[in-house]
Amino acid sequence: MKILSVNSGSSSLKFKMYEMPEEKEIISGVFERIGENNSFYTIKLNGEKIEKKVELDNHEDAVKYLIEELIENKVIKSLEEIKGVGHRVVHGADKYASSVIITNDVIRDLEKFSDLAPLHNPANILGIKAFKKMIPNAVEVAVFDTAFHQTMKEENYLYAVPYEWYTNYGVRKYGFHGISHHYLTKRMMEILRKKDAKIITCHLGNGGSITAVCGGKCVDTSMGFTPNAGIIMGTRTGDIDGSIIPYMVEKTGKSLSEIINILNKNSGLLGISGVSNDSRDIEDGIANGNKRCALAQKMFVQSIVDYIARYYVKLNGVDAICFAGGIGEKSIKTRKEIIEKLAVLGIKLDEQANNVRGKEALITTSDSGIPCYVIPTNEELMIARDAFSFVK
Ligand code: ADP
């Protein structure tokens, strides 16, 4: 059975098609610059890459070309073969604690939650509507980035602001990257073979978050009301004192939205280093003696260590820690620095085992107090699995 996994942005649409239940990846691709000039798409099929320049006025155009490619390349004979389409949806607020079949009521909810995720939910809805129209017989499923975190208790998701801010305006910690943390949790539980396992999952990409998990359920997570909270990220601040915002509005004469934009897009590794948001450039900068790159890396690593330490205590001990996302999977240096700072917990790095990129591996010694793993995440597969669960 063919299942599509879809991630729609405001001007892009990524997809992967799987044969289920084998979980075999058949074809993948991305449509870019939708609604802009010079739009194009790239498709990967049988180890080959196809790139085409086409006019993509909207997400429906992207789906139209996708269907054409699927049929031309004999991936499908007819649309009937696509039984399910799973959509990544960033915000399900506190209404959706798991994936759901997308009805008109669900779309209305997602529109309502756009206040909470103005950059993401409207784009996700565009993708959903395009697929609903172009592949009407498939079951459309929403898979939420927030859902996995819905098991957090009140004391962990509330901010110490007037309680009415929560009840009247929804001000609380929602957490994000839940699809990845859920995948990592499942994989770690398979490895540990322990139902009540206590795990810290570290998703370190351009955006990053850390989650404390017990018995397969999220206890706490580092991102908050928005994805700007928690650890330091490529361009985002992570946790800061909110009073900085009005202070900088006053001092610089910039508008509130300009300051918020700086906190999201010009801060983090980029803001401190003044060089780049990409940890590869930061590592190169350090190798070339750039002091601000060294400072950015130090702060980045410490912010991760601080969350791991906090969750170690909160979980009352930990069975395993895992690293994923571009940096977690590929930065040998960052993993080494994090793990060395955790020596007080009895964790011991296996330098040779840590010399790995993008592959599942145990990277601590056999006598390490807590085993640490690299687990390449697979959000697309997680989305396809959830969509499949509704159609099989
Ligand atoms: P996103 O959060 O955008 O999905 P990814 O999870 O793909 O991002 O992570 C992207 C980041 O991974 C890059 O910005 C870069 O910092 C980091 N990265 C990728 N490859 C390497 C590498 N070989 N060494 C160190 N860092 C890497």
What are the ³J(HN,Hα) couplings of the stretch 347-352, residue after residue, when phi is run through the Karplus curve with 6.51, -1.76, 1.60 and θ = phi - 60°? Round to Hz, x for glycine and proline. 7, 10, 6, 9, 3, 5
Among N261, N58, N206, which one shows the highest mean-square fluctuation when the chain is modelled as a Gaussian network with alpha-carbon springs under 10 Å? N261
Evaluate the distance, in nm, between pseudo-label points positioned 7 Å from the Cα of K186 and of S255 along their respective Cα→Cβ axes. 4.3 nm
Top positive-direction residue, dipole computed over the chain with Cβ charges, set P21, G215, G178: G215
GNM of the chain, Cα pairs under 10 angstrom: of S279, S366, S257, the biggest fluctuation goes to S257
Which net charge results when you count Lys and Arg as +1 and Asp and Glu as -1 among the other residues whose beta-carbon is under 11 Å from that of S8? +3
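Sorting M189, M1, M152 on the 10 Å Cβ count, fewest up front, what's the list?
Fewest to most other Cβ atoms nearby, the residues stand as M1, M189, M152.
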Rank by packing, highest mean first: peptides 110-116, 219-225, 42-48, with packing defined as the count of other Cβ atoms within 10 Å averaged across residues. 219-225, 110-116, 42-48
Projected label distance in nm at E48 and V344, using a 7 Å step from Cα toward the beta-carbon: 5.8 nm
Let me check I've understood the local charge: for F148, count other residues with C-beta under 15 angstrom from its C-beta, Lys and Arg +1, Asp and Glu -1. What total comes out? +3
For the residue pair L158 and L119, what label-to-label distance in nm results when each label sits 7 Å from Cα along the Cα-to-beta-carbon direction? 3.0 nm
If packing is taken as the mean number of other Cβ atoms within 10 Å per residue, what is the order of 337-347, 11-21, 287-297, 370-380, highest first? 370-380, 11-21, 337-347, 287-297
Dipole in debye (nearest 20) - the chain, about Cα centre, beta carbon charges: Lys, Arg +1; Asp, Glu -1: 520 debye
The chain - mean residue ellipticity at 222 nm from DSSP helices (-39,500 (n - 2.57) per run, n ≥ 4, rounded to 500): -11500 deg cm²/dmol
Comparing K64, K254, K198 in a Gaussian network model of the chain (Cα, 10 Å), the one with the largest mean-square fluctuation is K254
Tally Lys and Arg at +1 and Asp and Glu at -1 over the other residues with C-beta under 11 Å from the C-beta of K112: what net charge comes out? -2
Counting only DSSP beta bridges fully inside the chain, the antiparallel percentage to nearest 5 is 70 percent
Put +1 on the Cβ of each Lys and Arg and -1 on the Cβ of each Asp and Glu in the chain; which of L119, G242, M189 then has its Cα farthest toward the positive end of the dipole? M189
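Every read-out reported here was derived from the displayed coordinates using simple, explicitly stated rules and does not represent laboratory data. Fair warning: this is a prediction, and the values are worked out from it, not measured in the lab. Methodologically, a virtual Cβ is constructed for each residue, glycine included, from the backbone with ideal geometry; neighbour enumeration extends over all protein chains shown.
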